[in-house]
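Colleague: Below is one structure. I have some questions about it.
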Amino acid sequence: MILAVPATLLVGAMGLRDVLVPVRLAADESGITVVHGFAGRRHVPWSAIREIKVDVRTRLGLRSEMLEIDTGDNLHLFSQYELGASCTEVAAELRKGVNGRP
């Protein structure tokens with residue numbers, strides 16, 4: 001019971017966050033907008049992005065991908081479930097924006 005109540009509250013808070021802020025990453029011609037904190041947003045211009053890479057790991061026969069966007073001050077991580085698409089595909093599209101072709 002001691003662990004069940006906090007776990008239930010945590011899962012409920014995460015579900016509420018998904019309802020309040022369903023879009024985690026958005027890109028346009030000026031840069032990207034990422035979720036910051038529980039429900040805040042932060043705009044990052046293309047020039048501030050240092051590196052975009054996909055971390056692929058295999059463990060116990062399961063493959064997982066995480067998109068990593070390094071802005072120098074922050075490292076933004078996204079799973080394919082948060083993005084609604086393959087991290088590799090999203091990274092390829094974002095790299096076009098970094099190279100000046102959004």
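Only the coordinates and a few stated rules stand behind these numbers; no lab work does. Computed from a predicted model, the values in this text were never measured in an experiment. Reconstructed Cβ throughout: ideal geometry from the backbone, glycine too, with neighbour counts over all protein chains shown.
Colleague: If the chain between Met66 and Ala7 were fully stretched, how many nm would it gain, using 0.36 nm times the residue separation less the Cα-Cα distance?
Modeller: Details: separation 59, 0.36 × 59 = 21.24 nm, distance 2.44 nm.
Separation in residues times 0.36 nm, less the Cα-Cα distance, equals 18.8 nm.
Colleague: Taking θ as phi - 60°, what are the ³J(HN,Hα) couplings along region 52-67 by the Karplus curve (6.51, -1.76, 1.60), each to the nearest whole Hz, with x for Gly and Pro?
Modeller: Result, rounded to whole Hz: 10, 8, 10, 9, 10, 10, 10, 9, 6, x, 9, 9, 10, 10, 10, 7.
Colleague: Which whole-Hz ³J(HN,Hα) couplings does region 28-34 yield from phi under the Karplus relation 6.51 cos²θ - 1.76 cosθ + 1.60, θ = phi - 60°, glycine and proline marked x?
Modeller: 9, 5, 8, x, 10, 10, 10
Colleague: Then there is this: Which order do Val44, Val56 fall in if you start with the one that has the fewest other Cβ atoms within 10 Å?
Modeller: Numbers: Val44 20, Val56 11.
Ordered from fewest to most neighbouring Cβ atoms within 10 Å, Val44, Val56 come out as Val56, Val44.
Colleague: Another question about this same structure. When the chain is fully extended, how far beyond the present Cα-Cα distance does Thr88 get from Ser30, taking 0.36 nm per residue of separation? The partial results should precede the final answer.
Modeller: On the way: separation 58, 0.36 × 58 = 20.88 nm, distance 2.17 nm.
The Thr88-Ser30 span can extend by a further 18.7 nm.
Colleague: Averaging sequence separations of C-alpha pairs under 8 Å and six or more residues apart, then dividing by the length of the chain, give the relative contact order as a whole percent. Could the numbers behind the result be given before it?
Modeller: Values: 130 pairs, mean separation 20.3, N = 102.
Result for the chain is 20 percent.
Colleague: Could you work out how far helix 4-20 tilts from the main Cα principal axis of the chain, as a 0 to 90 degree angle to the nearest 10?
Modeller: Approximately 40 degrees, to the nearest ten.
Colleague: Using alpha-carbon positions, what is the distance between the centroids of region 71-94 and region 43-70, in Å?
Modeller: Cα centroid to Cα centroid, the span is 5 Å.
Colleague: Follow-up question, since we're still on this one. If you work out Cα Rg over 2.2 N^0.38 Å from the coordinates, which of (1) 1.15; (2) 1.09; (3) 1.23 do you get?
Modeller: So the structure-derived entry is (3).
Colleague: Here is a follow-up. Using θ = phi - 60° and the Karplus relation 6.51 cos²θ - 1.76 cosθ + 1.60, list the HN-Hα couplings for region 71-88 in order, rounded to whole Hz, with x at every Gly or Pro.
Modeller: 10, x, 7, 9, 10, 9, 10, 9, 9, 5, 6, 6, 8, x, 7, 5, 4, 5
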